[in-house]
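Take a look at the structure set out below.
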Amino acid sequence: MAWAFLVSMFLLFVAICHCELAKQSHNNRIFSSNANSTNTNNKYKISELIRASWLSIFLFVSVFSQAQSDSINFLKPSDTLNKPRRTGVYVGESVALGVTLIGLNQLWYKDYPKSSFHFINDNNQWLQMDKLGHLYSTYHLGRLGAEMLHWSGASKKEQLIYGSTLGLGFLTVVEVFDGFSQEWGASSGDIIANVSGTALYVSQELLWNEQRITPKFSFHQTKFASQRPETLGTSLNEQILKDYNGQTYWLSFNIQSFTKDSFTPKWLNLAFGYGGEGMLYGKDAEAIQYSVFQNPYRQFYLSFDIDLTKIETKSHFLKSLFSVFNTLKIPAPTLQYDDFNGVKAHFIYF
């Protein structure tokens, strides 16, 4: 199970850190061309740093688990505590987190003046889409952290205490960095969203011993990115992370887990989504300052979905793969409602 979780954790951390850079670039400030060049170089350096640090998890797990050379046995979760696996998970995560945070501080925060710890209020920006991104990230990083400890045979208590808090711990440190930076500040909304993502995972494990409600993500390209590419992204990869107009966050409910009936497929979900459009700037006041008129509005969605982890298979490889891709909403027929268009049906929406 481990390798797929490790790769997905690496990808999620890249997304988190790029979202953090995107959030910072949304602030109302003007860079010179030299500063823009430095900023771009720093982003590439940070991306490479994160890539190297998270790949180190796999190396550590491989070293500490080398006695299990057979790939099938390696992917299979241990029935009892496997200390080499657990050690590999802890050491790998510690090294990756440490290197990533030190790198962020050296390549980004050190270039800006420090201040006493302070908060900012950014809760009314981007229709709160960035807050949902925080919830989504902490939930899935916590889930993956817990599942890695499950793979090592660690106890349920250990999985919830040390695994599910992985994303919360990382993003809390990032908030502290923000709080001591004169350029930005810690965000109470971000902190609440981070705690909510972890709480969503832990509460379900304590209440039901399973995940019946899963946050998911989908994205489609929009016309707004081309109108402000320096903020909303120029390439598809950048737009996925930066263009809130094309992002949709979902809460996907597994129907059979609630009904306990025998005729509903175990993998069938009902998903409620939230998105927004019409956003070129985080706030209308900021848009007006730059003589831009924008009309942001919220969108609500209802759709079917698939819980890939409920698909029965004896293959540990497929179980790992399904767990990774269960972070994404499956394209499906969807109903949309918003104040601008009213009720609208999509044959396929993603």
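Roughly to the nearest percent, how much of the accessible area of region 289-350 is carbon and sulfur, given a 1.4 Å probe?
Values: 2580 of 3860 Å².
The nonpolar share, carbon plus sulfur, comes to 67 percent.
At 20 °C and 1.002 mPa s, grab the translational diffusion coefficient of region 301-350 from Stokes-Einstein with a Kirkwood Rh over Cα pairs, rounded to a whole number in µm² per second. Working shown, then result.
Details: Rh = 12.6 Å.
Here the translational diffusion coefficient equals 171 µm²/s.
Could you state the accessible area per residue of region 275-322 in Å², with a 1.4 Å probe and every protein chain left in place?
On the way: 2620 Å² over 48 residues.
I get 55 Å² per residue for this part.
Suppose R0 equals 30 Å; then what is the FRET efficiency for GLU210 and SER94 from their Cβ-Cβ distance, rounded to the nearest 0.05? The partial results should precede the final answer.
Numbers: r = 29 Å, r/R0 = 0.96.
Efficiency computed from Cβ-Cβ geometry: 0.55.
At q = 0.20, 0.22, 0.28 Å⁻¹, what base-10 log of I(q)/I(0) does the Debye formula yield for region 71-126 when every alpha carbon is treated as an equal point scatterer in vacuo?
Normalising to I(0) and taking log10 leaves -0.88, -0.97, -1.09.
Within 12 Å, Cβ to Cβ, of LYS319, how many net charges do the neighbouring residues add up to if Lys/Arg are +1 and Asp/Glu are -1?
On the way: positive: LYS76, LYS310, LYS314; negative: GLU147, GLU312.
It works out to a net charge of +1.
Give a residue-ordered list of calculated ³J(HN,Hα) values for region 166-171 (Karplus: 6.51 cos²θ - 1.76 cosθ + 1.60, θ = phi - 60°; whole Hz; x for Gly, Pro).
4, x, 4, x, 5, 6
Sort GLU93, GLU312 by accessible area with a 1.4 Å probe, largest first.
Details: GLU93 15, GLU312 150 Å².
Largest accessible area first, the residues go GLU312, GLU93.
Show me, for region 262-270, the HN-Hα J-couplings you get by feeding each phi into the Karplus relation (A = 6.51, B = -1.76, C = 1.60, θ = phi - 60°), rounded to Hz, glycine and proline as x.
9, 9, 7, x, 5, 8, 7, 10, 10
Can you tell me which of 216-229, 273-286 comes out highest on packing, and rank the rest after it, using the mean Cβ neighbours within 10 Å? Please list the in-between numbers first.
Values: 216-229: 16.9, 273-286: 19.0.
Answer by packing, highest mean first, reads 273-286, 216-229.
With a 1.4 Å probe and every protein chain kept in, tell me what percent of the accessible surface of region 129-257 is carbon plus sulfur. If you can, show how the numbers build up before the last one.
Details: 2790 of 4440 Å².
Its accessible area is 63 percent carbon and sulfur atoms.
Quickly rank 251-259, 130-138 as a protection proxy: mean count of other C-beta atoms within 10 Å, highest first. Mind dumping the intermediate values first?
Working: 251-259: 17.6, 130-138: 24.9.
Taking the mean over residues of other Cβ atoms within 10 Å, the ranking is 130-138, 251-259.
When only alpha-carbon atoms are used, what values of Rg and Dmax, in angstrom, describe region 223-319?
For region 223-319, the Cα radius of gyration and maximum Cα-Cα distance read 19.2, 59 Å.
Quick one: which residues, 5+ away or cross-chain, put their amide H under 5 Å from the amide H of TYR349? H built at 1.01 Å from N.
ALA332, THR334
Cross-link candidates for LYS329: which aspartates and glutamates have Cα within less than 13 Å, leaving aside residues fewer than 8 places away along the same chain?
Answer for LYS329, where 13 Å is the Cα cut-off: ASP305, ASP307, listed by chain and number.
Give the peptides 149-161, 111-123 in descending order of average Cβ contacts within 10 Å, highest first.
Ranked by mean Cβ neighbours within 10 Å, highest first: 149-161, 111-123.
What is the distance, in nm, between label points placed 7 Å from the Cα along the Cα-to-Cβ direction at SER262 and at GLU230?
Reported label-point gap for SER262 and GLU230 is 6.5 nm.
Please give me the summed charge of the neighbours of TYR297: other residues whose Cβ is under 14 Å from its Cβ, Lys and Arg +1, Asp and Glu -1.
Values: positive: ARG298, LYS344; negative: GLU277, ASP284, ASP338, ASP339.
Net charge in that neighbourhood comes out at -2.
At a threshold of 8 angstrom on Cα-Cα distance, excluding pairs fewer than six apart, so keeping six or more, what relative contact order does region 104-197 reach in percent?
Values: 127 pairs, mean separation 42.1, N = 94.
With pairs under 8 Å counted, the relative contact order is 45 percent.
The values are calculated or read from the model by the stated rules, or taken from the named source; none is laboratory data. For clarity, every value in this text was computed on a predicted model and none was experimentally measured. All Cβ positions, even for glycine, are placed from backbone atoms using ideal geometry, and neighbour counts span all protein chains on display. Keep in mind that these areas ignore ligands, DNA and RNA; they rest on the heavy atoms of the full protein, side chains included. Shrake-Rupley method; radii C 1.70, N 1.55, O 1.52, S 1.80 Å.
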